[in-house]
Amino acid sequence: MKDCFQNIMPDSLTGALFAVEGIKDAAVILNGPTGCKFYHSAISDYQFPRELSFDPLNYPEEFYFGQPRIPCTYLDGYDYVYGSSEKLEKMLRDIEGKGHKLVAVVNSPGAALIGDDLNRFLKNEVKDTLCFSIESTGFSGEFGDGFQKAVIKILEAIPMKPRKIIPKSVNLVGISINNKYYEGNIKEIERLLNLCGIKVISTLCAGDDFDTIKNSNQAALNVVLYPEYGLELAKWMEKEYHMPYVFCEDGVPIGFESTENFIKNICEKLGVDPSYSLEEIQKARARSFLYLSRFNSLTGLPKGASFSIKGEGSVAYAMTNWLYSYLGMIPASIQLSGSNDKKFKEKLYAFLEEIGFEDTLESNIYSKDAEIVFADGNTIAQLRLKNKSFTGVEIALPSLGYIDVTPKAMMGIKGALMFVEQVINGLQFS
């Protein structure tokens, strides 16, 4: 049953494409068949919309197939034998006049076997736009590998300014447009850091424009949000630009205590006072306690209620710790997905072993009953098909399709209050 319901996770090709797609004024060309295009174009446009129209008739160009993003060369059998040069040359001539400041050509795994010299095509066909190619994103690699390698290629291609450190400034590293609520998470972390007098220079391919990324090496510190998607990148930037980095030992900053430790750690590294941000966290704690106390007095919940989680190691560790320690909830199944940091898997097992629930780690989420399930939309939908009674809370893509007009957050104060709200209402009406 586990294999029947298992989702196919985003791979290194997806990571590379979304790294370029996360830059406002950049374009990525997919050198591959149309089957590799449609999902990536749909998700990038859904997560990071740029065009006002969603009508497929507005995008009739040869390489776009009714979608505004990620044009592709629609390789067929002939191209795999004789090469994709003709289509690439035509597409590059077409895209150069669209006003992009950066253009990247990324091979699909199959196209990487053809052996076309992508750099030659770019040199000959693109005269006035900065460009680079990724010959291979890796075969069956993880999203985090492809994403970080692509960001490094972007930084190598962009003419960075000479490093002149801006005091009390950071980059947010390891977050992408493929992360659920990435925009709200960035705004929330930026807000908390601003309260401490810390400026965010760049988010490195998560909504920045070309010129912002050019300034990213001016930051005094790199802050890694998702280690799975940013730790190797931060290490590379430390070696290349002599930029120190920090990441939260508690995992992604989810919950009040983890957020406090996250802010304190950054402020300590930069030598600034965290008190204004910590004061905001304390106010949020008080608000949360008010609603939790009233709910508990009537129902006895959420203490003792069960939960399941499916997500990256750093997310699963942070959420499990917070839900158990702060809300008194009991884990039913903790299943890791996507690119996973070995360190957080080990920390998660050690925590679960300490509280006597080590058997829940990597147990089948589809065979366990839980009152609240934190997972991607596909997993939630599959559980509903099994007629299970629970409340689903989306923490990852794919989504069930709910359109978030107001940016929401998983991280920081807003994230903690959102999860408290979801738990209270989920248990009240389930």
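Where does the chain land on Rg(C-alpha)/(2.2 N^0.38 Å)? Let's see the in-between values first.
Details: Rg = 22.4 Å, N = 430, 2.2 N^0.38 = 22.0 Å.
So the Cα radius of gyration is 1.02 times the expected 2.2 N^0.38 Å.
For Ala332, which sequence-distant residues (separation of 5 or more, or a different chain) have an amide H within less than 5 Å of its own amide H, given hydrogens modelled in the peptide plane?
Sorted by chain and number, the residues that satisfy this are Phe307, Ser308.
Of Lys123/Lys214; Lys180/Lys239; Lys87/Lys123; Lys164/Lys414, which sit over 24 Å apart, Cα to Cα?
Details: Lys123/Lys214 22 Å; Lys180/Lys239 30 Å; Lys87/Lys123 16 Å; Lys164/Lys414 33 Å.
Over 24 Å Cα-Cα: Lys180/Lys239; Lys164/Lys414.
Looking at the calculated P(r) for the range 214-270, what percent of the C-alpha pair distances fall above 13 Å? List each step's numbers first, then the result.
Numbers: 935 of 1596 pairs.
So the pairs more than 13 Å apart make up 59 percent of the total in the range 214-270.
Based on the Kirkwood radius over alpha-carbon pairs, what is the Stokes-Einstein translational diffusion coefficient of the range 329-386 at 20 °C with 1.002 mPa s viscosity, in µm²/s? Mind dumping the intermediate values first?
Values: Rh = 12.3 Å.
The estimated diffusion coefficient comes to 174 µm²/s.
So who's got an amide H within less than 5 Å of the one on Cys205, skipping anything under 5 residues away but keeping other chains? H placed 1.01 Å off N, in plane.
none
If every alpha-carbon in the range 306-429 counts as one equal scatterer, what log10 I(q)/I(0) does Debye give at q = 0.13, 0.18, 0.22 1/Å?
-0.48, -0.97, -1.47
Mind checking which of Glu96, Glu61, Glu249 has the largest fluctuation in a GNM of the chain, springs on alpha carbons under 10 Å?
Sorting by GNM fluctuation, first place goes to Glu61.
Under Stokes-Einstein, with the Kirkwood radius over Cα pairs standing in for Rh, what whole-number D in µm²/s applies to the range 212-371 at 37 °C and 0.692 mPa s? Working shown, then result.
Details: Rh = 17.5 Å.
For the chosen part, D equals 188 µm²/s.
For the range 131-272, what is Rg from Cα atoms divided by 2.2 N^0.38 Å, rounded to two decimals?
Numbers: Rg = 14.6 Å, N = 142, 2.2 N^0.38 = 14.5 Å.
Dividing the Cα radius of gyration by 2.2 N^0.38 Å gives 1.01.
Count the lysine pairs in the range 325-392 that are 8 or more places apart or on different chains: how many have C-alpha atoms under 24 angstrom apart?
On the way: Lys345/Lys368; Lys347/Lys368; Lys368/Lys386; Lys368/Lys388.
Count of close lysine pairs: 4.
Where the only charges are on Cβ atoms (+1 Lys, Arg; -1 Asp, Glu), what is the dipole of the chain about its Cα centre, to the nearest 20 debye? Write out the running numbers ahead of the final one.
Working: 44 positive and 55 negative charges, 192 e Å.
Charge dipole of the chain: 920 debye, to the nearest 20.
To the nearest Å, what is the center-to-center distance of the range 325-401 and the range 190-267, using C-alpha atoms only?
27
Using just the alpha carbons, could you tell me how many Å³ per residue the convex hull of the range 75-212 encloses?
Working: hull volume 18.6 nm³, N = 138.
Enclosed volume per residue, from the Cα hull, is 135 Å³.
Spelling out what I want: for every residue of the range 37-45, take phi, set θ = phi - 60°, compute 6.51 cos²θ - 1.76 cosθ + 1.60 (Karplus), and round to whole Hz; glycine and proline get x.
Karplus values, whole Hz, x for Gly and Pro: 8, 4, 5, 5, 5, 5, 5, 5, 6.
For the range 29-151, what is Rg from Cα atoms divided by 2.2 N^0.38 Å, rounded to two decimals?
Working: Rg = 14.1 Å, N = 123, 2.2 N^0.38 = 13.7 Å.
So the Cα radius of gyration is 1.03 times the expected 2.2 N^0.38 Å.
Let me know the longest stretch in the chain that avoids all trypsin sites (Lys or Arg not before Pro) found in a DSSP loop with at most 13 other C-beta atoms within 10 Å. Display every interim value, and only then the final one.
On the way: sites that count: Arg50, Lys127, Arg163, Lys164, Lys303, Lys386.
Between exposed loop sites, the widest span is 165-302.
Computed over the Cα atoms of the range 79-130, what is the ratio Rg over Rh, Rh following Kirkwood?
Values: Rg = 11.2 Å, Rh = 11.6 Å.
Taking Rh as the inverse mean 1/r over Cα pairs, Rg/Rh reads 0.97.
For Lys161, which aspartates and glutamates qualify as cross-link partners when the Cα separation must be under 18 Å and same-chain residues fewer than eight apart are set aside?
Asp208, Asp209, Asp211, Glu238, Glu240
Since every read-out is calculated from the coordinates, none of them should be taken as a lab result. A quick note: this is a predicted structure, and the numbers were derived from the prediction, not measured. Positions of Cβ are generated from backbone atoms using ideal geometry, with glycine treated the same way; all protein chains shown enter the neighbour counts.
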